[in-house]
Amino acid sequence: APLECPFCGEAAGRELEEHVRARHGHLLGAPGTGNGEQLYECPMCSLTCTNIQILEEHVDLHLEEHNFSEGGNIRDLELAQQLQTEEDERQRSEEEKREREEFKKLQRQYGLDNSGGFKQQFLKNMEREVDRGRMQPFEYHKRKADMMESLASGIDDGKTKTSGVIEALCKYYQNENKDVRRVWLSAGVDHFHSSLGDRGWGCGYRNFQMLLSSLLQNSFYNDCLRDTTLIPSIPKIQSMIEDAWREGFDPHGASHFNNRLHDSKAWIGACEIYSLLTSLRIKCQIIDFHKPTGPMGTHPLLFEWILNYYSTDNEGSAKVVCTSKPPMYLQHQGHSRTVVGIEEKKNKSLCLLLFDPGCSSQQMQKLLKQNSDGTGLRLLRKFMGSLKENQYQIVAVDGVLSFEEKAARCRASQVLTSEKIP
């Protein structure tokens, strides 16, 4: 019978010794132990064995351990990848949830959360006043009836209006002889403040009412405003802006509001005021003061531009210049006000005079009885150090548009709506 190799079982015949040395020499140990025993060395850990079967079992243990280790590494890697995938999904889910919450917060902040508009807020706030004992039920029902009548007619009820402030300022400055060198005042303008229905979001609409109140007193704009002879309510102004969008004004801005303002608490800004005025054929422009131009984040160019607006065609030696210029709409992040004049102090510094929708009728009434010390003017005066927002926009009225000019501006508003200064 042919001789078999003790390592691999292969038939080797007479060449068994050559076969073992050639194929399995690495398994052979030292020649012997000195007492005639053959030694076999493990090729993986150099352990010596006296029996080939023992060596084979020993090597099998190495192989099993190696296979187990490799399998364990694979399982560890798969587990790590699974855990990382789960962590990535968790973080992505949390980020999406955070983004949804931030988006909803912004929607609420800017009145785009479908929670109702002027009417709903007015009723809700009056109900809260009744619950707190600050309003009697009969007053609630009376004010509700008045509000519903105002909404039906589209005309503001005038309950937040204060008239005659510009005339009172003119008289005050005639007698003021302390530190004002010259003052320029806009044409007459009524002040409107926020009510229970628009508190927190209605400043843009209230400033439009102020501007419109001045234009309605100027016969130069009669033709433009033949269909708008009385101050519209806030819901009516929202509808008027939607009408301007339907004409083609500012499609980009319209898309921001999903082409809808009515029955919302949406904030509006300079672009919406521009679109509305231009749709009425009132010539105006947006001036964008997009960055501070003075030290400490101030805007001296803003003050200089307003001074130039009022002083152009109004030069002279008079201390108080009551111009025929309409007031200006002034916008910055989160709020808007109406510019009604500018002071030049004896030290050449400038001070704006602003109507703020946040000032109540009671506060504005005090200006009609202005004391000689001018303390009430603190409500209106804003020095350069008081206006330090990063960006301001002005909407300034400057005449009447022909129908052709209106159409041209409608086309232009689709690509460009403001001029940047500087």
Could you give every pair whose Cβ atoms fall below 6 Å, whose first residue belongs to the range 330-357 and is within 11 Å of Phe303 (Cα to Cα), and whose second residue is among the basic types (Lys, Arg), counting only separations of at least 6 or pairs across chains? Glu344/Arg181; Glu344/Arg182; Cys351/Arg381; Leu352/Lys382
Checking the conditions here, which among Gly358, Gly399, Gly374 is modelled with pLDDT of 90 or more, more than 25 Å from Asp313 (Cα to Cα) and not aliphatic (A, V, I, L, M)? Gly358
Might you check whether a residue that is touching a helix residue (DSSP H, G or I) at 6+ places or on another chain (Cβ under 8 Å), open to solvent by less than 30 Å² (accessible area, probe 1.4 Å), assigned to a helix (DSSP H, G or I) and of a type in the set (A, V, I, L, M) occurs anywhere in the range 175-195? no
Can you name the strands (runs of 3 or more DSSP E) wholly within the range 290-393 that have at least 3 residues being within 19 Å of Gly164 (Cα to Cα) and open to solvent by less than 20 Å² (accessible area, probe 1.4 Å)? 335-345, 350-355
Kindly evaluate Cys351 against the criterion of being modelled with pLDDT of 95 or more and more than 16 Å from Asn207 (Cα to Cα). yes
Looking at the range 213-229, which of its residues are in contact with a helix residue (DSSP H, G or I) (Cβ under 8 Å, 6 or more places away or on another chain) and farther than 17 Å from Ile273 by Cβ? Thr229
In the range 264-274, is there at least one residue being acidic (Asp, Glu) and modelled with pLDDT of 95 or more? yes
Which pairs do you get when a residue that is at negative phi and of a type in the set (Asp, Glu), found in the range 165-179, comes within reach of a residue that is surrounded by 12 or more Cβ atoms within 10 Å (Cβ to Cβ) and not in a helix (DSSP H, G or I), reach meaning Cβ atoms under 7 angstrom, with the pair 6+ apart or on two chains? Glu167/Gly188; Glu176/Gly374; Asp179/Lys345
Is there a residue in the range 82-99 that is assigned to a helix (DSSP H, G or I), among the β-branched types (Val, Ile, Thr), modelled with pLDDT under 80 and more than 30 Å from Gly9 (Cα to Cα)? no
Would you check if there is a residue in the range 221-244 being aromatic (Phe, Trp, Tyr) and within 21 Å of the chain's Cα centre (by Cα)? no
For the range 187-244 the number of residues that are modelled with pLDDT under 95 and among the basic types (Lys, Arg) is 2
Taking Leu277, is it among the hydrophobic types (A, V, I, L, M, F, W, C) and in contact with a helix residue (DSSP H, G or I) (Cβ under 6 Å, 6 or more places away or on another chain)? no
Of the residues in the range 394-408, those that are assigned to a helix (DSSP H, G or I), open to solvent by less than 60 Å² (accessible area, probe 1.4 Å) and touching a residue at least 40 places away in the same chain (Cβ under 8 Å) come to Lys406
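The values are calculated or read from the model by the stated rules, or taken from the named source; none is laboratory data. Quantities reported herein were computed from a predicted structural model and do not represent experimental measurements. Every residue, glycine among them, receives a Cβ derived from its backbone with ideal geometry; neighbour counts consider all protein chains shown. Quick note on the areas: whole protein, heavy atoms, side chains included, nothing else; ligands and nucleic acids left out. Shrake-Rupley method; radii C 1.70, N 1.55, O 1.52, S 1.80 Å.
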